[in-house]
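The values are calculated or read from the model by the stated rules, or taken from the named source; none is laboratory data. Predicted model, so just to flag it, every value in this text is computed and none were measured. Neighbour counts are summed over all protein chains in view; Cβ atoms, including those assigned to glycine, are modelled from backbone coordinates with ideal geometry.
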Amino acid sequence: ERLFHSRDRSDLEPSPLSQAKPIADLHAAQRFLLKYGWSEDPSPKESAEVLVGSTLAQAVRRFQKANRLPASGELDSPTLAAMNRPRCGIPDTRLPPQAALPTPPALPTPLGLRP
Amino acid sequence: RARQKRFLQMLLPKPGGQHEGSSDIGPSRAFSKKTLTWRLVGDAYSSQLSVEEQRYIFRLAFRMWSEVTPLDFREDLKGPGTRVDIKLGFGRGRHLGCPRVFDGSGQEFAHAWRLGEIHFDDDEHFTPVSSDTGISLLKVAVHEIGHVLGLPHTYRAGSIMQPNYIPQEPAFELDWSDRKAIQRLYGSCEGSFDTVFDWIRKERNQYGEVRVRFNTYFFRNSWYWLYENRNNRTRYGDPLQILTGWRGIPMQSIDAFVHVWSWGKDERYFFKGNQYWRYDSENDQAHTEDEQGRSYPKLISEGFPGIPSPLDTAFYERRQQLIYFFKESLVFAFDVNQNQVLNSYPKKMSQVFPAIMPQNHPFRNIDSAYYSYAHSSVFFFKGNSYWKVVSDKDRQQNARLPLNGLFPKRSISEKWFDVCDVHPSTLN
């Protein structure tokens, strides 16, 4: 069985064989960025076209900005941690423009709302 | 290969940069009909939760979208699978004939096709609504249904459409921006109401002081919504059935509500057909009999002599201590102290409440006349529109406005937001 100790099985440990491979290296990060649409190339190919050099750095920066990380363009630990977070499998197709710096969005104010 | 290509086309930008989700075109609706069917596929249950739990969570997830859109969703257990609009299932690794392989526990937890399929990675630790560990199946389901309906990812804080899973706060609901996003695709909720009114509650604070509060209610057919004016939306989880929330009154199609509230009087009445009921706010149910022992409901003709039935609507004017009853094109002013209709009535509605802009008037058969404490104004509802009655404050600002005039009509959904039907099967 899959191991657990709590009555409600909230501490159920996943099988090592059924765990997602962590994104811990350059190759995995490149695949992540391509898979979820972080390349600026509007027509990514189905085959694994590797992001390198400045293209890679741009993609990393865009990802970092969207996730409120320092936009270093480097695959540092916080960036890799963000890539490893649970997420939906749909690509992120509506990306912020390259030049735009994301600012924390203001809370939406419904029309005519008064405190 | 054709299926894989079609799947990727649904997920990835099309060649040339044009995509349904691109900023040039924007997202588009995925469905053109009002009622959509869904099914948890029988050979794709999760191994972690009971089937009943899974179905309950999905039913709730669909209902949450239904509460803010003109769409409603019906679970279809019997029809041919090809006719079901949205199918949901769990799988691991290679699953359900899907070309996109799940990666095991961690990272990708689910994906959705615009064609109406949602797959959940059963290697993830999905948990039911009440749990605070693992990944909330409800939250993931709401997110993926958003994709199926046509919404893309966003990084806006607070949005259900953020790509990453964020452990939910105690109150997980669709916020203002998510509602407007889906309404840009499917429109706002419209529709006439049977009656609209503010309900007064008297409470004592910790110092024993009496405070008066009000709540706004919308009634339509057999259900009702509480409208939270300060939040510009209905209460989460509404609509509810009249039968469960308002005991002792007819369970559907209320004609009118009147609260006669003045010195020495605090009487609340519901009207339907040729009858009326008095409501006991202390005990939260309709009175079964009056002080003389005569039972409710009573005939309108007996309690309000001179008033016809059935009515269109009514409201109480506190300063004049008159109830204005409306039927077809006429309005009757009823003096609650004299217990009779004023001599000069009935009159044409258009005479008592003249149009400010010529011909911009409901003229007859209004759905509801509603005095709003939030807006300190009377509103007439008819269909999808409302007319605001000129108030004293309006006349102070513009003395040329006619007494009790009607401002030009506007859309109800632009002032009271997200008063949406749900499928009747989800009302219980």
* Does at least one position in region B:153-161 carry a residue that is in contact (Cβ under 8 Å) with a residue 40 or more places away in the chain and either within 7 Å of chain A (Cβ to nearest Cβ) or in contact with a Gly (Cβ under 6 Å, 6 or more places away or on another chain) (or both)? -> no
Within region B:351-363, residues in contact with a strand residue (DSSP E or B) (Cβ under 9 Å, 6 or more places away or on another chain) and either loosely packed, with under 13 Cβ neighbours inside 10 Å or part of a helix (DSSP H, G or I) (or both) come out as B:Q351, B:V352, B:M357
Picking from B:G79, B:G89, B:G93, the residue that is surrounded by 20 or more Cβ atoms within 10 Å (Cβ to Cβ) and not polar (S, T, N, Q) would be B:G89
The one condition B:Q275 fails out of (1) in contact with a helix residue (DSSP H, G or I) (Cβ under 8 Å, 6 or more places away or on another chain); (2) surrounded by 21 or more Cβ atoms within 10 Å (Cβ to Cβ) is (2)
Note on region B:96-110: residues without any contact (Cβ under 8 Å) to a residue 60 or more places away in the chain and either at the interface with another protein chain (Cβ under 8 Å from one of its Cβ atoms) or touching a Phe, Trp or Tyr at 6+ places or on another chain (Cβ under 9 Å) (or both) are B:L96, B:F102, B:D103, B:G104, B:S105, B:G106, B:Q107, B:E108, B:F109, B:A110
Apart from one, (1) without any contact (Cβ under 8 Å) to a residue 60 or more places away in the chain; (2) more than 18 Å from B:I166 (Cα to Cα); (3) facing chain A (nearest Cβ under 7 Å) all hold for B:G91; the odd one out is (3)
Filter region B:112-151 for residues that are of a type in the set (D, E, K, R) and assigned to a helix (DSSP H, G or I); the one that is nearest to the other protein chains (Cβ to nearest Cβ) is B:E144
Selection over region A:41-77 where residues are modelled with pLDDT of 90 or more and either on the phi > 0 side of the Ramachandran plot or surrounded by fewer than 13 Cβ atoms within 10 Å (Cβ to Cβ) (or both) yields a count of 5
- Message: For region B:117-130, check the following and say yes or no: at least one residue is of a type outside the set (A, V, I, L, M, F, W, C) and surrounded by fewer than 18 Cβ atoms within 10 Å (Cβ to Cβ).
- Response: yes
Note on region B:54-106: residues at negative phi, among the hydrophobic types (A, V, I, L, M, F, W, C) and assigned to a loop (DSSP other than H, G, I, E, B) are B:V68, B:L71, B:L77, B:V84, B:C98, B:V101, B:F102
(request) Report whether or not B:E209 is within 14 Å of chain A (Cβ to nearest Cβ), surrounded by fewer than 21 Cβ atoms within 10 Å (Cβ to Cβ) and acidic (D, E). (result) no
Per the list (1) closer than 30 Å to B:A314 by Cα; (2) modelled with pLDDT of 95 or more; (3) exposed (fewer than 15 other Cβ atoms within 10 Å of the Cβ), residue check on B:S188 breaks on (3)
For B:F109, the lone unmet condition from (1) surrounded by fewer than 20 Cβ atoms within 10 Å (Cβ to Cβ); (2) part of a strand (DSSP E or B) is (1)
Picked from region B:160-185 (must be of a type in the set (A, V, I, L, M) and buried (at least 18 other Cβ atoms within 10 Å of the Cβ)), the residue farthest from the chain's Cα centre (by Cα) is B:M161
